[in-house]
Structures are given as structure tokens and as C-alpha cells.
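Notes follow once the structure below has been shown.
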Amino acid sequence: LNENHFLSCLVEFSKTSPAAVQVNVRDALNQAMDEELERDEKVFLLGEEVAQYDGAYKVSRGLWKKYGDKRIIDTPITEMGFAGIAVGAAFAGLRPICEFMTWNFSMQAIDQVINSAAKTYYMSAGAQPVPIVFRGPNGSSAGVAAQHSQCFAAWYGHCPGLKVVSPWNSEDARGLLKAAIRDNNPVVFLENELMYGVPFDLSEEVMHKDFVLPIGKAKVERQGTHITLVSHSRCVGFCLDAAAVLAKEGVECEVVNLRTIRPLDVETIEASVMKTGHLVTVEGGWPQYGVGAEICARIMEGPAFNYLDAPAVRVTGVDIPMPYAKILEDHSVPQIKDIIFTVKKVLNM
């Protein structure tokens, strides 16, 4: 009996997948760029301090030493200029990755992103693809005040012709960035500075060089039956933490990680709402015309509306420019306690 038990244990052990490796979001992005630079000689990276300094946030660490000046290009502090160069390069058949040191600075280049990149593929009736990725940290960081803390998910998500991606963890960052680089459409890739150093387990499958995630598909990160929490970027982690607390009180939250802002995976959200009958959206951006507002409108206009047992509610950043003082900053962006409070209010607890 003991021998049989031992053999069965060996069989079970052989079935288990290899141990996951821990990779932080910064390194996941770095690996994705490295592998795509190696795979396709048309791919190149440009932006402020991306080369010799290894990137302002060290996301491009080691790439300049490996690929040299022609593939990893330091630019002057002129977003309109280097974004325009990148768009022109995409028109000419290259596949540029254009890094903004923060998406707040993309305001200098918004004409290039919207009028030049987003609209050309459509206006040319598909004859002129624009394979470019605009990427960099988005939303609030810590102690950087109003001019460095804006979330642009709703801004760029508003514009036809763009694909807009907002990863949360290392799997999102790796799989979605590789997909974005390979896409023939312009992709706005909204990272989060506070997530760069956070490690996550990655499976052998995710670490494969050809692992990509589909743009436009959300992921249910946690199954639940009582209420749906829909979020993107750093707030997905807040939703999971809130769900863990609420589970101890008998409330099972289903947490949906959007991954992509445009196109929006309405079907996954609808399926979840039809199951739970309740919806709370969570985002770091401002409430007016925000991502949550769009989701609520889509649910109201679609088949899931008839399944709601209470109004859908948004948890968002406060409708003010970001304060500098930490205590005010903490009150200006969603916290775990805000999500828990809102869920209990929606469920009438």
C-alpha cells in the first residue's frame, strides 16, 4: 500500500506544472521589449533617457548596451518632436516604441498621437498601417502633485483609431506589450509607476517568447456571486484586497481586470453582472466622462441592465487636481476602504 501510495504521488508530481518565477512589472516590460527587438529588426525604442541612462524608471535597462544607438534612441525633451518622428517612422514601415516619461507630458504630442497616428489607418482605407506603441507611466504616482498625476485612460479611450491598453500585473504587462508591438494599429500603453517594482508569479507559458495576450479581452481575476468589481491598472489589486476582506464577511466579489480600455470587453462585464446582479467600477481617474461612466452607460443600454438589483456605482479619484500633501493625496485616489464601503452600500449591508 505504501509503495502504491508513493507511486501515485510520483505520478501526481509529474503532472504538476513547473514552478512559477517571480518577475516584477518593470522587468516584464523590459523582457517584452527585448524579445520583440530581437525578433523583429524593424522595432526600435525612442524617448527621453531610454538609452544610456537605462530609462527614467529603468524599464529599458540594458537595451542600449545590447542593441546600440540605432535601435535605442535618446531624444531631447521635445515630446511633439520625437512623437512625430516615431509616427513618421511607423508610416515608413518601422515599428517604433515611443516612451513618454509620463503620460502627462504626452499633452505636448497629442496632435501627433490623435491626428497623425490614430486617424491615418482609417483615412487611408487600410492602405497605411501605423504600427506604433506609445508607452509610459500613467495616473498618479506618489508625491508628484497635479501636473504629473493625471489618468489618460478616458482621454485616449475616447478616440477612434487607437487601441488603449492598461495592464495591472506582470502577465498583463508582458503579454499585452508584445501584442501591442506586433499590432498594425497605434496602441496607447498606460503603465503605472507604482506597479513597476511589484513582483508577480509568472508561469512557464507566460515566459515563452511568443506569449501574447489578446488586446480587447478582459480577465476575471476572482470568481464571485454577490457583486462585480470592474477595474484597470493598479486599482485591480485594490479590488482583490477589498474582495479578500469582504469574503470574511460572507460577500463574494467577482473582480474583472479590464486590461484594455479600447476596445472595451463589454461582453465579459455583462456576463459577470448577469451573474451577480450588482456592479461597482473602480478607477484612479476623475469621475466626469470617465471609464466607469462609460461602463455604467454600456450596462444600462444593454441586456445586463435588467439583471441589476441595485444601481451601478463608481469609485473614482476625487474631481480635483491632485494635491501635493500626502494626507490630501491619499484622500484623492481610491483606497481599499472606499471600495469596501461602496460594496456594502450597494448591497445594503
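The values are calculated or read from the model by the stated rules, or taken from the named source; none is laboratory data. What you are looking at is a predicted structure, and each value in this text was computed from that prediction instead of being measured. We place every Cβ from the backbone using ideal geometry, glycine too, and count neighbours over all the protein chains shown. With ligands, DNA and RNA removed, areas are computed over all heavy atoms of the protein, side chains included. Shrake-Rupley method; radii C 1.70, N 1.55, O 1.52, S 1.80 Å.
Quick one: in region 317-349, of everything that is among the acidic types (Asp, Glu) and open to solvent by less than 70 Å² (accessible area, probe 1.4 Å), which residue is nearest to Leu264 (Cα to Cα)? By that ranking, first place goes to Asp338. All of Arg234, Arg222 fail the test of being closer than 17 Å to Phe152 by Cβ, touching a helix residue (DSSP H, G or I) at 6+ places or on another chain (Cβ under 7 Å) and either open to solvent by 10 Å² or more (accessible area, probe 1.4 Å) or at pLDDT below 95 (or both), apart from Arg234. Of all residue pairs spaced 6 or more apart or on separate chains, those with beta-carbon atoms under 6 Å, a first member in region 149-176 that is within 19 Å of Glu193 (Cβ to Cβ) and modelled with pLDDT under 95 and a second member that is open to solvent by 10 Å² or more (accessible area, probe 1.4 Å) and assigned to a loop (DSSP other than H, G, I, E, B) are Ser149/Ser140; Ser149/Met322. Being surrounded by 17 or more Cβ atoms within 10 Å (Cβ to Cβ), at pLDDT 95 or above and either in a helix (DSSP H, G or I) or of a type in the set (S, T, N, Q) (or both) is a property that Gln31 has.
A search for C-beta distances below 6 Å between a residue of region 210-231 that is without any contact (Cβ under 8 Å) to a residue 24 or more places away in the chain and any residue that is assigned to a loop (DSSP other than H, G, I, E, B) and of a type in the set (Ser, Thr, Tyr), counting only pairs 6+ apart in sequence or on different chains, returns nothing. Among the residues of region 175-208, those that are under 16 Å from Val165 (Cβ atoms), of a type in the set (A, V, I, L, M, F, W, C) and outside any helix (DSSP H, G or I) comprise Val187, Val188, Phe189, Leu190.
Within region 110-124, track down each residue that is of a type outside the set (Ser, Thr, Tyr) and out of contact with any strand residue (DSSP E or B) (no Cβ under 8 Å at 6 or more places or on another chain). Walk me through it before giving the result.
Looking only at region 110-124, we keep the residues that are of a type outside the set (Ser, Thr, Tyr), and these are 110-115, 117-119, 123.
Ile110, Asp111, Gln112, Ile114, Asn115, Ala118, Lys119, Met123 - these are the residues of region 110-124 that are of a type outside the set (Ser, Thr, Tyr) and out of contact with any strand residue (DSSP E or B) (no Cβ under 8 Å at 6 or more places or on another chain).
Of the residues making up region 294-316, those that are within 27 Å of Gly139 (Cα to Cα) and surrounded by 18 or more Cβ atoms within 10 Å (Cβ to Cβ) are Glu294, Ile295, Cys296, Ile299, Ala312, Arg314, Val315, Thr316. Across region 243-270, the qualifying residues are those that are part of a helix (DSSP H, G or I) and out of contact with any helix residue (DSSP H, G or I) (no Cβ under 8 Å at 6 or more places or on another chain), and the one among them that is least open to solvent (accessible area, probe 1.4 Å) is Ala243.
Quick one: which helices (runs of 4 or more DSSP H) sit completely within region 54-161 and have at least 1 residues that are under 25 Å from Asp27 (Cβ atoms) and open to solvent by 40 Å² or more (accessible area, probe 1.4 Å)?
Working: elements: 63-67, 79-91, 119-123, 153-157.
Qualifying helices (runs of 4 or more DSSP H): 63-67.
Here Leu264, Leu347 are screened, and the one residue that is over 24 Å from Gln150 (Cβ atoms), out of contact with any Cys (no Cβ under 8 Å at 6 or more places or on another chain) and at pLDDT 95 or above is Leu347.
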